[in-house]
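Take a look at the structure below.
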Amino acid sequence: MEKTRTDLVKWFWAIYLIAHDKRGVSATFLTDELGVAYQTAWTIQHKVRKAMGERDSMYTLAGIVELDDAFFGAPTEGGKRGRGTDQTPVLVALSLDKKGHPKYLKMQVIPDVKGVTLVTFAQKFIESGSTITSDKYRSYKALAKEGFNHEAKLFNPVDNPDHLKWLHTVISNAKAFIGGTYHGLDSKHLQAYLDEFCYRFNRRAIKNELFNRLAQCCVSSTTVTYTELVG
């Protein structure tokens, strides 16, 4: 909010709306609801998403962690799907509790699905000694060499219906969230939208505190300008 020319009441109303709509709100909706220009609404959204991402970057996953790569964006006509596609690759990690239910989520845009990339992600977001479960794609073998207990299984939903079940459900929900509310987007700002999705997912059990917590995130986050966002 530093040096903002927008009424603070509108700022806090925007934060409230973003915090409490689990589907996310579009910049067009905020434009109409707040009575501001589209550019202002869009900038507010991205400032809030930056605050969400910064807060979640403070935490790591531990215990049993499902890990897989996913691809976001529409493929070019006639292009490949899955690994080898020209869509944007994203690494997704989901920690599970002792009953096998989902706890916390991390999603990160990555340049490729090579072993060194997976290891860098794991060292940053997953506590050493955790058990990482994945499919048998060769790049994941690098994790076992870096202090992680790695369990790889051939992904087969018929023979192993529980393998990566929650992770793939979350990925499907993330794609629906982006496609449904924002009608797709380019790769430039994809990480910001993934940060928003993860922030919501990780706080799904504290619905009565959503506004207060997000307002605190926004107050303590670093600033970003419209020029920086579009540059």
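The values are calculated or read from the model by the stated rules, or taken from the named source; none is laboratory data. None of the values given here were measured: they were computed from a predicted structure. Here the Cβ positions follow ideal geometry from the backbone for every residue, glycine too, while neighbour counts run over all protein chains shown. Calculation scope for accessible area: heavy atoms of the full protein, side chains included, ligands and nucleic acids excluded. Shrake-Rupley method; radii C 1.70, N 1.55, O 1.52, S 1.80 Å.
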request  = Would you check if there is a residue in the range 131-151 being touching a Phe, Trp or Tyr at 6+ places or on another chain (Cβ under 6 Å), part of a loop (DSSP other than H, G, I, E, B) and open to solvent by less than 90 Å² (accessible area, probe 1.4 Å)?
outcome  = yes
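Examine the range 114-123 for a residue that is under 22 Å from the mean Cα position of the chain (by Cα), without any contact (Cβ under 8 Å) to a residue 40 or more places away in the chain and loosely packed, with under 13 Cβ neighbours inside 10 Å, and state whether such a residue exists. Don't jump to the end; show me each part of the working.
Within the range 114-123, the subset under 22 Å from the mean Cα position of the chain (by Cα) is 114-123.
Those still in the list that are without any contact (Cβ under 8 Å) to a residue 40 or more places away in the chain too: 114-117, 119-121, 123.
Next, from what is left, pick out any that are loosely packed, with under 13 Cβ neighbours inside 10 Å: 116.
Yes, there is a match, as at least one residue in the range 114-123 is under 22 Å from the mean Cα position of the chain (by Cα), without any contact (Cβ under 8 Å) to a residue 40 or more places away in the chain and loosely packed, with under 13 Cβ neighbours inside 10 Å.
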key: Residue within the range 62-77 that is open to solvent by 60 Å² or more (accessible area, probe 1.4 Å), in contact with a Lys or Arg (Cβ under 9 Å, 6 or more places away or on another chain) and over 30 Å from ASN149 (Cβ atoms) present   = no
task = Take GLU196 and decide whether it is touching a Ser or Thr at 6+ places or on another chain (Cβ under 7 Å) and at pLDDT 90 or above.
result = no
Only listed residue being of a type in the set (Lys, Arg), in a helix (DSSP H, G or I) and open to solvent by 40 Å² or more (accessible area, probe 1.4 Å), chosen from ARG213, ARG204 = ARG213
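Return the residue satisfying two criteria in turn: it lies in the range 44-53 and is open to solvent by less than 20 Å² (accessible area, probe 1.4 Å) and in contact (Cβ under 8 Å) with a residue 40 or more places away in the chain, and of such residues it is nearest to the chain's Cα centre (by Cα).
GLY53
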task = Please identify the pairs in which a residue from the range 153-181 that is closer than 11 Å to VAL92 by Cβ and part of a loop (DSSP other than H, G, I, E, B) has its Cβ atom under 9 Å from the Cβ atom of a residue that is aromatic (Phe, Trp, Tyr) and open to solvent by 40 Å² or more (accessible area, probe 1.4 Å), counting only partners at least 6 apart or on another chain.
result = LEU164/PHE155
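Yes/no matrix, rows are residues, columns are (1) open to solvent by 30 Å² or more (accessible area, probe 1.4 Å); (2) within 16 Å of GLU54 (Cα to Cα):
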| residue | (1), (2) |
| --- | --- |
| LYS188 | yes, no |
| ASP195 | yes, yes |
| SER220 | yes, yes |
| LEU229 | no, yes |
